[in-house]
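Worksheet: one structure, shown below.
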Amino acid sequence: MATFQPFDVIRKSASVTSTPEPNRATEVVKLIDTSKCIGCKACQSACLEWNDMRETVGTNVGVYDNPHDLTPNMFTLMRFTEWENPKSGNLEWLIRKDGCMHCEDPGCLKACPAPGAIVQYANGIVDFIHENCIGCGYCVKGCPFNIPRISQVDNKAYKCTLCSDRVAVGQQPACAKACPTHCISFGTKAEMVALSDKRITDLKSRGFDKAGLYNPPGVSGTHVMYVLHHADQPSLYAGLPDNPRISPIVEMWKGVSKYAGMAIVGLSAIAGVVHYMLAGPNRVSKEDEENAEKLAGGKS
Amino acid sequence: MTTHDTDARVRVRRYSGLARINHWVVAISFVLLMLSGAALFYPTFFGLTALFGGGQMTRWLHPWIGVALSVSFLGLFLRFFWANLPEFTDFVWVARIRHVLSGHEEYLPEIGKYNAGQKFVFWSQFVLVSVMLVTGIGLWDQGLAFIDQTFGFVPTIDQRRWAALLHACAAIVAVTILIIHVYAAIWVRGTMSAMLSGVVSGGWAWRHHRKWLRKEVGRRISPAE
Ligand code: HEM
Ligand code: SF4
Ligand code: SF4
């Protein structure tokens, strides 16, 4: 496997002057083929093991999802959906490996107020740099995929790193390595898109005429992509957003409100100075004091 | 009510000691919130987190100072509520705002304890602090956990995004009004002493709050005298 170095940072949270864009290194993609997944959760185990995380033993509420949601320790989660296909009448088991999508336009990075707590590398990986994180949870609000989780232990945000540490030394992500069905593949963007084309052609020939690649344009594409048998309805897959984009509320919060806000505060301060120069201080006159004395009479 | 003084012979008590302490607790927490909030508001100001012991500490402290502000502001609100009810002269004051700005108070009606501008500061900060309290809790992990436990309410992600946007907008407006408030206290000479020593000169009261002065003097001439 090729080494996807150098790990130049192309974007950095809360940094007014972002680093000049270096020549974009080969972009990496992790391709998850939902049609091949058997729900064995080997990827989940591999993720916990590689990242040296432990999840507490939970309770069984009668679903396969375990744990029940992403947590600060569990960066990836198999989400199981039972869906009755109205056309074929078949019960389909849709299993989606949830986790950070490594957006090309990451909402988490846009929202983060701490300089350098979130970075995007030239190969497309979005990484949280924990020593810079202040635990404010803004990334949670910025993310269109509901991914980051704040640890109650160290008050820092956690999510899938796309095994940036493994990728840096030419290894594939731990989940991809562990997957027994080759449902998870890792490589350059071109390789993965070509691979997905092959898979989609195959799926279409087998009756899944809506099979397609999930690489949503609303976030300028992602570095984790899905092959879906029902690409026309991503939300079937445990609520995968149909048209993800950074929320317009977040865009306003992180855009116009900052500039308008500083302008308004700045202008009011300037208005004060100008008014003072034009009007001068509003002083109490001697007459005012005398009038007050008269009013108070001898009673003061 | 009135005491002798070298330059102004009439001195009028405007604020009790407790009212002044209350005011300065509000003012100090407000400034601390403004500084810690600004640090998170825009990267240029992130360095302000150093004042609070780093980013994590700033994030942790800010909401608690917010609670202190809300409680102390409620105190001021209850204290000053009656004197801030709107009355007819407020409309006249606003209509003649150019005379206010040029310092020609002779063209204004006699004003009670507060003029329309001061009442505007009072009511707008009341609304803004309330908005910042509600939206601030919506941004605060511990606060949300508390709301969940007590009321069983968990906001949606979009509600939390709105909370962030509204919190920032309310803070901007509140800081703008703070600037106006502080400026007015500097521009109108003799005002500071109201909140420092609690006493203003008779001339100040005659010039800016004549109706209030008459009432204070009237109170002095109580039946006992
Ligand atoms: C009244 C109670 C208040 C509460 C409970 C509160 C709470 C919060 C919380 C939880 C945050 C998110 C960051 C953090 O966790 O520290 C925040 C951000 C902020 N707060 Fe407050 N706050 C309050 C009042 C204020 C006041 C009075 C101001 C300024 C005058 C202010 C200005 C800000 C600003 C500018 C931000 C950053 C917003 C952004 O990133 O766009 N807050 N506040
Ligand atoms: S919690 Fe998220 S948004 Fe806040 S500093 Fe950490 S990474 Fe940035
Ligand atoms: S999926 Fe969420 S956490 Fe991951 S890069 Fe996109 S915005 Fe950030």
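The values are calculated or read from the model by the stated rules, or taken from the named source; none is laboratory data. Bear in mind that the values here come from a model prediction, so they are computed numbers and not experimental data. We place every Cβ from the backbone using ideal geometry, glycine too, and count neighbours over all the protein chains shown. SASA here: full protein model, heavy atoms, side chains in, ligands and nucleic acids out. Shrake-Rupley method; radii C 1.70, N 1.55, O 1.52, S 1.80 Å.
Please list the non-local residues whose amide H lies under 5 Å from the amide H of A:K97, H modeled 1.01 Å from N, same-chain partners needing a gap of 5 or more.
Here the answer is A:R79, since their amide H atoms fall under 5 Å of that of A:K97.
Under a straight-distance cross-link criterion of Cα-Cα below 16 Å, which aspartates and glutamates are reachable from A:K254, leaving out those fewer than 8 residues away in the same chain?
Once the sequence-local aspartates and glutamates are set aside, what remains near A:K254 is A:D105, B:D158.
Please compute how much accessible surface disappears when A pairs with B, both sides summed, using a 1.4 Å probe, and round it to the nearest 100 Å².
4600 Å²
What are the principal axis extents of the Cα atoms in the stretch B:3-217, in Å, biggest first?
That gives 57, 35, 34 Å along the principal axes, largest extent first.
Where the only charges are on Cβ atoms (+1 Lys, Arg; -1 Asp, Glu), what is the dipole of the stretch A:100-204 about its Cα centre, to the nearest 20 debye?
Working: 11 positive and 9 negative charges, 50 e Å.
Using Cβ point charges on Lys, Arg, Asp and Glu, the stretch A:100-204 gives about 240 debye.
Any of A:K30/A:K156; A:K41/A:K87; A:K110/A:K156; A:K41/A:K159 with alpha carbons more than 21 Å apart? Name them for me. Mind dumping the intermediate values first?
Details: A:K30/A:K156 25 Å; A:K41/A:K87 30 Å; A:K110/A:K156 17 Å; A:K41/A:K159 17 Å.
From A:K30/A:K156; A:K41/A:K87; A:K110/A:K156; A:K41/A:K159, over 21 Å: A:K30/A:K156; A:K41/A:K87.
In straight Cα distance, which lysines are under 17 Å from B:K211, not counting same-chain residues fewer than 8 positions off?
Leaving aside lysines fewer than 8 places away in the same chain, those within reach of B:K211 are A:K294, B:K113, B:K119.
Please give the helix B:55-80 orientation as an angle from the longest Cα principal axis of chain B, in degrees from 0 to 90, rounded to the nearest 10.
Value to nearest ten degrees: 30.
Express the carbon and sulfur contribution to the solvent-accessible surface of the protein assembly as shown as a percent, rounded to the nearest whole number, probe 1.4 angstrom.
Numbers: 15830 of 25460 Å².
Roughly 62 percent of what the probe reaches on the protein assembly as shown is carbon or sulfur.
Quote the accessible area belonging to B:M57 in square angstrom, nearest 10, computed with a 1.4 Å probe and with ligands, DNA and RNA left uncounted.
80 Å²
Find which of A:I246, A:V273, A:M262 sits farthest along the positive direction of the dipole of the stretch A:240-300, computed with +1 on the beta-carbon of Lys and Arg, -1 on that of Asp and Glu, about the Cα centre.
Highest projection toward the positive end goes to A:I246.
Determine the residues within the stretch B:133-171 where the difference in accessible area between the chain on its own and the full set of protein chains amounts to at least 20 Å²; count protein heavy atoms only and use a 1.4 Å probe.
Listed by number, the residues meeting the 20 Å² cut-off are B:L139, B:D141, B:I157, B:R160, B:R161, B:W162, B:A164, B:L165.
So with the 1.4 Å probe, I'd like the accessible area per residue for chain A, rounded to whole Å². Walk me through the numbers before you get to the answer.
On the way: 13840 Å² over 300 residues.
Dividing the accessible area of chain A by its residue count gives 46 Å².
Please give the per residue volume of the convex hull enclosing the alpha carbon atoms of chain A, rounded to a whole number of Å³. Let's see the in-between values first.
Working: hull volume 71.6 nm³, N = 300.
Given the Cα convex hull of chain A, per-residue volume reads 239 Å³.
Which value in Å does the Kirkwood hydrodynamic radius of the protein assembly as shown take, with 1/r averaged over all unlike C-alpha pairs and then inverted? Spell out each step's value before the answer.
Numbers: mean 1/r = 0.0367 Å⁻¹.
Taking the inverse mean of 1/r over all distinct Cα pairs, the protein assembly as shown comes out at 27.3 Å.
What nm distance separates the two modelled labels at B:R98 and B:L61, each placed 7 Å from Cα along Cα→Cβ?
Output for this residue pair reads 4.7 nm.
Cα axis of helix B:210-220 to longest principal axis of chain B: angle in degrees, 0 to 90, nearest 10?
Result, in degrees: 70.
So if R0 is 25 Å, what FRET efficiency would A:V273 and B:A68 give, r being the distance between their Cβ atoms, rounded to the nearest 0.05?
Details: r = 31 Å, r/R0 = 1.25.
Efficiency, rounded to the nearest 0.05: 0.20.
If I build a Gaussian network model for chain B, linking alpha-carbon pairs within less than 10 angstrom, which residue out of B:R98, B:R20, B:R11 has the largest mean-square fluctuation?
Looking only at B:R98, B:R20, B:R11, the largest GNM fluctuation is found for B:R98.
Please compute the per residue accessible area over the stretch B:3-217 with all protein chains in place, 1.4 Å probe, rounded to a whole number of Å². Kindly include the intermediate steps, with their values, before the conclusion.
Values: 10750 Å² over 215 residues.
That works out to 50 Å² for each residue.
Taking R0 as 30 Å, what's the FRET efficiency between B:A145 and A:D52 from their Cβ-Cβ distance, rounded to 0.05?
On the way: r = 27 Å, r/R0 = 0.91.
Computed FRET efficiency for B:A145 and A:D52: 0.65.
Highest GNM mean-square fluctuation, chain A, Cα pairs closer than 10 Å: which of A:G187, A:G89, A:G39?
A:G89
Which residue, B:S201, B:V131, B:A83, has the largest displacement toward the positive end of the dipole of the stretch B:3-217 when charges sit on each Cβ (Lys, Arg +1; Asp, Glu -1)?
B:S201
Applying 1/(1 + (r/R0)^6) with R0 = 35 Å to the Cβ-Cβ distance of B:R214 and A:M262, what FRET efficiency is obtained, to the nearest 0.05?
On the way: r = 44 Å, r/R0 = 1.27.
My answer for the efficiency is 0.20.
Based on Cβ point charges of +1 for Lys and Arg and -1 for Asp and Glu, what charge dipole magnitude is obtained for chain B about its Cα centre, in debye rounded to the nearest 20? Spell out each step's value before the answer.
On the way: 21 positive and 12 negative charges, 135 e Å.
For chain B, the charge dipole is close to 640 debye.
If you take the charge dipole of the protein assembly as shown about its Cα centre, with +1 on Lys and Arg Cβ and -1 on Asp and Glu Cβ, which of B:A27, B:A185, A:Y64 is farthest toward its positive end?
B:A185
Once both axes come from the Cα atoms, what is the angle between helix B:17-41 and the longest principal axis of chain B, in degrees from 0 to 90, rounded to 10?
Approximately 40 degrees, to the nearest 10.
Please give, to one decimal in nm, the separation of the simple spin-label points placed at A:K294 and A:N146, each 7 Å out from Cα toward the Cβ.
Here the modelled spin labels are 7.5 nm apart.
For peptide B:181-193, what's the mean number of Cβ atoms from other chains within 10 Å of each residue's Cβ? All intermediate terms of the calculation are to be shown ahead of the outcome.
On the way: counts 0, 1, 7, 2, 0, 4, 7, 4, 4, 5, 2, 0, 0.
Going residue by residue through B:181-193 and averaging, the value is 3.
Would you list A:V250, B:V25 from the most to the least accessible area, probe 1.4 Å? Could you put the intermediate results ahead of the total?
Working: A:V250 0, B:V25 70 Å².
I get B:V25, A:V250, largest accessible area first.
Output the DSSP H helices from chain A with an along-axis C-alpha extent of no less than 27 Å and a mean Kyte-Doolittle hydropathy no less than -0.5.
Details: long enough: A:256-279 (33 Å, 1.40).
The qualifying helices are A:256-279.
Given +1 on the Cβ of Lys and Arg, -1 on the Cβ of Asp and Glu, and no further charges, what dipole in debye does the protein assembly as shown carry about its Cα centre, rounded to the nearest 20?
Details: 52 positive and 43 negative charges, 275 e Å.
Roughly 1320 debye, rounded to the nearest 20.
Name the most mobile residue of B:S197, B:S29, B:S102, meaning the one with the largest mean-square fluctuation, in a Gaussian network model of chain B with Cα contacts below 10 Å.
Per the Cα network of chain B with a 10 Å cutoff, B:S102 tops the list.
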